[in-house]
Amino acid sequence: MKEKKVIISAALTGAMTPKSICPDIPVTPEEIAADAVACAKAGAAIVHIHVRDERFRFTMDTDRFEAAFCAIRQACQQ
């Protein structure tokens with residue numbers, strides 16, 4: 001029997017759901033990094049994230065993506 005390969009992707013943040021509706025949604029770079037590491041330890045190979053502005057609203061601000069990416073990278077190296 002041929003071995004089946006699986007890639008697990010975790011969508012951590014949702015695109016629009018506010019923290020007021022789901023308080024466990026990670027929104028800061030540090031929260032996103034902690035959840036990304038937890039997902040990786042649970043077997044995820046990919047994490048899909050969105051970032052929020054200072055009022056926790058959806059944004060495509062590249063500086064905020066960079067901050068989240070850097071926090072994830074640093075958390076993975078610990």
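Values in this text are rule-based calculations from the coordinates and carry no lab data. What you see is a predicted model; the values in this text were computed from it and never measured. Here the Cβ is made from the backbone with ideal geometry for all residues, glycine too, and neighbour counts use every protein chain on show.
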_Explain nothing, just compute: Karplus ³J(HN,Hα) = 6.51 cos²θ - 1.76 cosθ + 1.60, θ = phi - 60°, for every residue of region 13-23 in order, whole Hz, x for Gly and Pro._
10, x, 8, 10, 4, x, 4, 5, 8, 9, x
*³J(HN,Hα) across region 31-42 via Karplus (A = 6.51, B = -1.76, C = 1.60, θ = phi - 60°), whole Hz, x for Gly/Pro?*
5, 4, 4, 4, 5, 4, 5, 4, 5, 4, 5, 7
*Run the dipole for region 19-78 about the Cα centre, Lys and Arg Cβ at +1, Asp and Glu Cβ at -1, nothing else charged, and hand back the magnitude in debye, nearest 20.*
120 debye
_Options Pro29, Ile8, Thr62, ranked by Cα towards positive dipole end of the chain, top entry (Cβ charges)_ = Ile8
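Would you mind giving the three semi-axes, in whole Å and largest first, of the ellipsoid equivalent to the chain according to its Cα gyration tensor?
Values: eigenvalues 122, 43, 25 Å².
Semi-axis lengths for the chain are 25, 15, 11 Å.
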_Computed [θ] at 222 nm, deg cm²/dmol, the chain (DSSP H ≥ 4; -39,500 (n - 2.57); rounded to nearest 500)_ = -11500 deg cm²/dmol
